[in-house]
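Here is the structure we will look at.
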Amino acid sequence: MSSISGPATIDQLVQDAASHSHTITARLIRDWTEKGLLDYPQRRPAGKGHGSHPALYDEKQRHLLLTLLHHRKQGVGIRTLSQIPVGIWIYWGHDFVPLRQVRVAMATWIGDPRASLRRARQIAQTILQQIDHPAATPAARKALLDMLADAAYTGRVDLTALESAARAVFEPGFSPLHRAVGHLSAPLTVDSQIGIIDARLRAIAKLTTGQFSDDDFRNARHAHLLGYAQYVRDQPFLATQEPADHPGLYEPVTAESTLNQSCDHLLTALGLGIIYPERTAEFTRLPAPHITFRA
């Protein structure tokens, strides 16, 4: 049974960590708070002219710290750790992680795409692997990879040119037909991938300039939960329809995999809310589902 109960000062959080075999400093807690891994503690004025009492982190943040430290011990970096509070907010709600913390954590996860061309090329390589075709030429692959990397690096892209480059890799020799991979209810297509890229770039632009309202975040969360709950229900069947040349297209839903994709999911939902505001508004009229994860 956990010995953690009630709010605590930063020094008590250091003691919490020590009691679970983690050696940290108050500086690390402050750094993680500034990055959104933890929420800011509640200030406690001592009265006029008397300064203030030590600020308090609530009980849920104490438990969150231990979760973060557990993953940090496994070699997980700050950017990946920032997905944990975002995932908790998406799937368990604001009672566990407040929206103000999610905003900061998302900013940490996004970072400055221009700071790392290597990271941009890694993102591009991941997308290329998803839509590659054995018959695609090396030149077509390189053209698409360069265009995707530039989009990830600069945050800008010519969608028409990107679509043409993607079709040259995903649909070599298919013209005038368009290729779809997987089950008809959830296919992988060039259009679906371009749509996701467009949504994410739009969301990044608004996030980095602070243009999303709290309602935008809440509506994106609601819309994502509805869509994700449908995928959770359909995934066992979809997995039986998975094409041999695209293993993992319909991956199982686990708590770990979902947390690892939480920022991607929220970013996409925010972007889709920009592109399809009416559809997002319709989703908010439906009850939010509760999602149960596999171990």
Check: segment 20-100 dipole with +1 on Lys, Arg Cβ and -1 on Asp, Glu Cβ, in debye
240 debye
Taking the Cα centre of the chain as origin and charging only Cβ (+1 Lys, Arg; -1 Asp, Glu), how large is the dipole, in debye to the nearest 20?
840 debye
Top of A152, A220, A244 by mean-square fluctuation, Gaussian network on the chain, Cα under 10 Å
A244
Among 209-215, 13-19, 144-150, what's the highest-first ranking by average C-beta atoms within 10 angstrom per residue?
144-150, 13-19, 209-215
Taking Cα atoms only, helix 214-240 is inclined relative to the longest principal axis of the chain by an angle, in degrees rounded to 10, of 60 degrees
Could you work out how far the C-alpha centroid of segment 196-256 sits from that of segment 111-143, in angstrom?
20 Å
Under the 7 Å Cα-to-Cβ spin-label approximation, E59 and Q42 lie apart by a distance in nanometres of 1.2 nm
Taking the chain as a Gaussian network, Cα atoms linked when under 10 Å apart, which of G36, G271, G155 shows the biggest mean-square fluctuation?
G155
Vicinal HN-Hα couplings computed from phi for segment 120-133 (Karplus, 6.51 cos²θ - 1.76 cosθ + 1.60; Hz; Gly/Pro x)
4, 6, 5, 4, 4, 5, 4, 5, 4, 4, 5, 10, 5, 9
By how many nm would the segment from T284 to L117 grow when fully extended, if each residue of separation counts as 0.36 nm and the alpha-carbon distance is taken off?
56.3 nm
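Loop only by DSSP, 10 or fewer other Cβ within 10 Å of the Cβ. Give me the trypsin sites (Lys or Arg not before Pro) in segment 146-184 that pass, ordered by residue number. Spell out each step's value before the answer.
Numbers: sites: R156, R167, R179; in loops: R156, R179.
For trypsin sites (Lys or Arg not before Pro) across segment 146-184 that sit outside H, G, I, E and B with at most 10 neighbouring Cβ atoms in 10 Å, the list reads R156.
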Karplus (6.51, -1.76, 1.60) ³J(HN,Hα), θ = phi - 60°, over segment 187-202, in Hz, Gly and Pro reported as x:
x, 8, 9, 4, 4, 5, 5, 5, x, 5, 4, 4, 4, 5, 5, 5
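Using a ≥ b ≥ c from the Cα gyration tensor of segment 10-111 (square roots of the eigenvalues), is it rounded, prolate or oblate, where a/c under 1.5 gives rounded and otherwise the larger of a/b and b/c decides, a/b for prolate? Write down the numbers at each step before the final one.
Numbers: a/c = 1.89, a/b = 1.32, b/c = 1.43.
Verdict is oblate for segment 10-111.
Using a Cα distance threshold of under 26 Å, what count of lysine pairs results for the chain when pairs must be 8 or more residues apart or interchain? Before the final figure, lay out the partial values.
Working: K35/K60; K35/K73; K35/K206; K60/K73.
Here the count comes out as 4.
Roughly how many debye, to the nearest 20, is the charge dipole of segment 202-283 about its Cα centre, given +1 on each Lys and Arg Cβ, -1 on each Asp and Glu Cβ, and no other charges? Numbers along the way, then the final one.
On the way: 6 positive and 11 negative charges, 48 e Å.
It comes to approximately 220 debye.
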Could you run the Karplus curve 6.51 cos²θ - 1.76 cosθ + 1.60 with θ = phi - 60° over segment 141-156 and give me ³J(HN,Hα) per residue in whole Hz, x for Gly and Pro?
4, 5, 4, 5, 4, 5, 5, 5, 5, 5, 5, 5, 7, 9, x, 10
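Give me the net charge of D58's neighbourhood, meaning all other residues with Cβ under 15 Å from the Cβ of D58; Lys, Arg count +1, Asp, Glu -1. Walk me through the intermediate numbers first.
Details: positive: R43, R44, K60, R62, R100; negative: D16, D39, E59, D95.
Here the count lands on +1.
Quick note: the coordinates plus some simple rules give every number you see, no bench work behind them. Here the structure is a predicted model, which means the values were calculated and not measured. With ideal geometry, Cβ positions are generated from the backbone for all residues, glycine too; neighbour counts draw on all protein chains shown.
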